[in-house]
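In what follows, a structure is listed as structure tokens, so that the remarks can point back to it.
The values are calculated or read from the model by the stated rules, or taken from the named source; none is laboratory data. No experiment lies behind these values; they were computed from the predicted model shown. Note that each Cβ is placed from the backbone with ideal geometry, even for glycine, and that neighbours are counted across all protein chains shown.
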Amino acid sequence: MLWCCSFTVQAQTGTVRGVVRSDGKPVPFASIGIKGTTLGTTADEAGSFALEKVPAGAQRVVASAVGCKPAERDLTVRAGETTSVNLLLASAANALGDVVISGTLSEVVKSESPVPVEIYTPKFFQKNPASSLFENLMMVNGVRPQLNCNVCSSGDIHINGLEGPYTMVLIDGMPIVSSLSTVYGLSGIPNSMVERIEVVKGPASTLYGSEAVGGLINVITKDPSKAPQLSVDGFGTSHGEANLDLGTTLKAGKATSLLTANLFGYGQRRDVNQDGFTDLPTQHRVSVFNKWQLARPDNRVASFAGRYYYEDRFGGQLGWRPEFRGGDSIYGESIYTSRYEALGQYQLPLASEKMLLSGSFNEHNQNAAYGNTPYRATQRVGFGQLTWTRDLSIRHNLLMGAAYRYTWYDDNTPATATADTLNPTNLPDRVHLPGVFVQSEFRLTPDATLLSGLRYDYNSRHGSILSPRLNYKWGRPDGSQVLRVGVGNGFRVVNLFTEDHAALTGARRVVVEGDLQPERSWNANVNYQRHFTTGAGSLILDGSVFYTYFTNKITPDYDTNPDQIIYRNLDGYAVSRGITLNADWTLAAPLKLIAGVTVLDVYRQERGPEGGPLRYQEQLHTPAVSGTYAATYTLERLGLTVDYTGLVNGPMRLPVQPNDFRPARSPWYTLQNVQVTKRMSGKLELYGGLKNLLNFMPRHVLLRPFDPFDRQVAQDNPNGYSFDTSYNYAPVQGRRAFLGLRYSL
């Protein structure tokens with residue numbers, strides 16, 4: 001009789017076994033239980049668990065772990081059987097728990113920020129390793145690095161279809177990379193100094209001033225107290241590229257220091273398309289970064305950092321040698337770039353007030369020769385800012401600040417001089433830009449926040465400028481839904497010769513019509529984020545609709561005269577509008593998928609030189625449809641991770657000459673990459689793979705490469721073509737293998 005009772009009890013229970021994962025990897029020592037019962041257990045080091053004697057029938061399994069968001073899953077337990085289940089925990093990042101700064105100049109949890117901010121860590125960019133920030137950003141939806149010259153590979157970063165000069169690049173919240181340095185300086189920011197990258201799409205002039213019209217990219221450097229004691233990451237490619245990132249930390253009393261270095265070299269002169277020119281410029285660069293941080297009472301901020309960057313870059317005809325630099329016998333574009341930067345932050349020692357003093361200084365020196373056209377330029381930028389944050393109540397936060405920015409610029413172009421030497425009259429361009437701003441963040445309800453702000457700047461050249469903003473955020477307490485609506489104003493003071501590389505290369509002559517006025521814009525955007533957690537996985541959907549209206553926009557006119565680039569304030573208006581959608585899907589299986597798509601309509605309505613009705617003109621180098629994707633599959637038992645990444649770009653309008661045989665629109669194309677990473681130990685990784693799997697390369701890039709100095713334009717040239725380097729839509733670099741080693745202590 002007792003035997004029968006025992007058999008009956010055992011027959012009415014079952015066993016539940018499974019694995020707990022987060023971001024495709026097992027979660028060791030996670031807690032697992034059956035809801036409504038006292039049954040529970042702890043996962044082992046591999047994330048595996050087993051629950052015995054679970055009552056048969058419908059049950060709900062719950063799991064939790066430090067740094068993750070709890071998860072629940074329904075299942076049916078069959079008597080006398082074992083039920084398998086995989087549980088997925090959203091990591092802190094996927095749970096929208098990251099701390100961001102860029103949107104409001106204050107440290108806030110990402111899900112609580114009224115301004116949508118995207119976060120990208122070096123781990124994300126390691127899915128397709130690159131030697132610089134410029135290349136890494138190809139993986140970000142809606143952010144497109146654009147090559148502007150097929151000879152020297154200069155470029156800028158487009159956000160939501162707006163050209164590079166509308167994108168502000170910050171380091172620790174300070175305008176380090178801007179104006180002159182945007183052309184080549186972006187390639188000098190290595191992964192070894194980066195903690196994370198915050199991307200804000202849309203105007204941020206209220207907090208950051210000029211240039212932050214299209215959006216901003218804030219490079220947050222590593223905290224020396226949290227960085228690895230030693231880190232090494234080096235890789236090489238079958239094309240001869242070699243990159244090495246080094247980092248180390250040390251502690252001296254209450255101070256900690258981070259020292260990083262990046263070395264990159266590429267010396268091969270490849271000419272796969274057989275046009276007599278290098279497909280990719282040779283490059284040799286070094287970047288050294290050092291940051292010191294002081295431990296102070298009450299965790300007050302005190303840090304200082306410095307960076308030095310040097311690069312020697314060449315692109316041109318294969319027979320070029322340094323003795324031909326600046327001459328007219330063999331065409332070459334040779335650029336020497338050197339710059340140094342210093343930046344620091346100090347929180348004032350006030351017991352009841354939070355006041356932060358920030359400052360930076362940088363000098364950028366450029367020594368370039370574009371064929372027989374020399375370009376010499378020096379730019380110095382000093383920046384200082386004091387912010388004061390005060391909680392007026394539990395629901396109301398106030399931020400006030402004063403900033404001053406001084407720009408000193410000198411070159412040998414008509415920007416500062418009329419002679420072809422470095423400003424012999426010693427009249428460099430000086431711009432003073434003092435400003436004040438105020439921002440109010442008010443929590444209307446537990447679920448809703450209203451952010452308003454106003455900035456006043458006085459430009460020594462253009463006078464007073466006002467920039468307002470208004471943002472509204474609604475979200476569920478658990479972060480599963482977030483809605484953000486924002487409107488704002490942006491302005492930009494243009495310096496053509498530091499921002500547009502096309503003004504300095506090729507055979508076109510620069511023409512500036514009239515006294516250029518500052519550009520103004522109004523932007524509206526709506527962002528909605530939805531977070532789903534089910535037994536099959538975790539899915540985050542993030543979508544935005546945006547609209548930007550420009551007045552006084554300045555765009556280069558390549559069409560009126562094929563021998564000129566004409567700059568003028570737009571007689572009309574310009575519009576950038578579109579939709580972006582991002583999806584981040586982590587499955588219960590060891591698979592993670594990330595994908596994004598952007599649809600753009602960027603154009604201007606302008607009157608011709610003689611007036612008349614407005615005419616529609618689509619913007620150059622702006623694909624109507626683009627997308628990015630990344631898939632990661634982890635084979636934990638083998639210590640292997642497979643990453644498949646890529647991008648897709650639709651047709652875009654290209655700068656062509658009259659009767660040009662080259663297509664006026666680019667084709668659809670995709671660049672795809674695959675990487676396999678082997679974890680040798682907890683500290684060592686070996687990785688390798690292929691870039692540009694389909695070996696895609698643009699065709700008909702350079703026009704008349706056999707006559708780069710236009711000596712024979714009148715001979716056998718019925719269409720009047722001239723040498724041109726501006727026709728570009730993709731890197732001229734085919735399939736290549738890479739192999740690397742990564743070590744962290």
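Couple of notes before you dig in:
- Residues located in the range 437-446, provided they are over 19 Å from Ala402 (Cα atoms), out of contact with any Lys or Arg (no Cβ under 7 Å at 6 or more places or on another chain) and not hydroxyl-bearing (Ser, Thr, Tyr): Leu444, Pro446
- Residue, surrounded by the most Cβ atoms within 10 Å (Cβ to Cβ), within the range 448-477, restricted to residues that are modelled with pLDDT under 90 and among the aliphatic types (A, V, I, L, M): Ile465
- Residue match in the range 594-610 (condition: in a strand (DSSP E or B), on the phi < 0 side of the Ramachandran plot, in the same structural domain as Asn569 (by TED's automatic domain parsing) and touching a helix residue (DSSP H, G or I) at 6+ places or on another chain (Cβ under 8 Å)): no
- One residue from Pro663, Pro623, Pro651 being in contact (Cβ under 8 Å) with a residue 40 or more places away in the chain and not in a strand (DSSP E or B): Pro623
- Residue tally, condition over 23 Å from Ala130 (Cβ atoms) and either within 23 Å of the chain's Cα centre (by Cα) or free of Cβ contacts under 8 Å to residues at least 24 places away in the same chain (or both), over the range 710-738: 8
- Residue match in the range 621-643 (condition: of a type in the set (Val, Ile, Thr) and either under 25 Å from Phe491 (Cα atoms) or in the same structural domain as Lys25 (by TED's automatic domain parsing) (or both)): yes
- Within the range 520-533, residues that are under 16 Å from Tyr166 (Cα atoms) reach partners that are among the basic types (Lys, Arg) and in a strand (DSSP E or B) with beta carbons closer than 9 Å, at six or more positions or on different chains, in the pairs Arg520/Arg492; Ser521/Arg492.
- Of all residues in the range 221-250, those satisfying the criterion of being of a type in the set (A, V, I, L, M, F, W, C) and within 22 Å of the chain's Cα centre (by Cα) are Ala227, Phe235, Leu244, Leu246.
- Residue list for the range 600-610, restricted to those being crowded, with 17+ Cβ neighbours inside 10 Å and either under 23 Å from the mean Cα position of the chain (by Cα) or modelled with pLDDT of 95 or more (or both): Leu600, Val602
- Selection within the range 248-280 - surrounded by fewer than 20 Cβ atoms within 10 Å (Cβ to Cβ), more than 30 Å from Gln733 (Cβ to Cβ), aliphatic (A, V, I, L, M) and out of contact with any Leu (no Cβ under 6 Å at 6 or more places or on another chain): Leu250, Ala252, Leu259
- Residue within the range 177-189 that is hydrophobic (A, V, I, L, M, F, W, C) and either at pLDDT 85 or above or closer than 18 Å to Val732 by Cα (or both) present: no
- Flag: Leu444 does not match the condition of being farther than 30 Å from Ser329 by Cα and either among the small types (Gly, Ala, Ser) or modelled with pLDDT under 90 (or both).
- Lys678 surrounded by fewer than 17 Cβ atoms within 10 Å (Cβ to Cβ), in contact (Cβ under 8 Å) with a residue 12 or more places away in the chain and in contact with a strand residue (DSSP E or B) (Cβ under 6 Å, 6 or more places away or on another chain): yes
- The one condition in (1) within 25 Å of the chain's Cα centre (by Cα); (2) farther than 22 Å from Asp172 by Cα that Asn362 fails to fulfil: (2)
- Considering residues of the range 110-138 that are charged (D, E, K, R) and more than 21 Å from Gly164 (Cα to Cα) only, the residue surrounded by the fewest Cβ atoms within 10 Å (Cβ to Cβ): Lys123
- Lone qualifier among Ala589, Ala583, Ala631 - being more than 15 Å from Lys127 (Cα to Cα), modelled with pLDDT of 90 or more and surrounded by fewer than 20 Cβ atoms within 10 Å (Cβ to Cβ): Ala583
- Matching residues, the range 333-346, being touching a residue at least 60 places away in the same chain (Cβ under 8 Å) and not hydroxyl-bearing (Ser, Thr, Tyr): Glu333, Ile335, Arg339, Glu341, Leu343, Gln345
- Considering residues of the range 711-724 that are part of a loop (DSSP other than H, G, I, E, B) and either in contact with a Pro (Cβ under 9 Å, 6 or more places away or on another chain) or outside the structural domain of Ser626 (by TED's automatic domain parsing) (or both) only, the residue nearest to Asp328 (Cα to Cα): Phe723
- Residues of the range 623-675 satisfying the condition of being among the small types (Gly, Ala, Ser) and out of contact with any strand residue (DSSP E or B) (no Cβ under 7 Å at 6 or more places or on another chain): Ser666
- Evaluation of Gly514 against (1) of a type outside the set (D, E, K, R); (2) buried (at least 16 other Cβ atoms within 10 Å of the Cβ); (3) at positive phi (one fails), failing number: (2)
- Residues that are within 30 Å of Ser113 (Cβ to Cβ) and outside any strand (DSSP E or B) within the range 358-414 comprise Leu392, Ser393, Ile394, Arg395, listed in sequence order.
- Any hit, the range 649-661, residues being within 30 Å of Tyr687 (Cβ to Cβ) and under 21 Å from the mean Cα position of the chain (by Cα): yes
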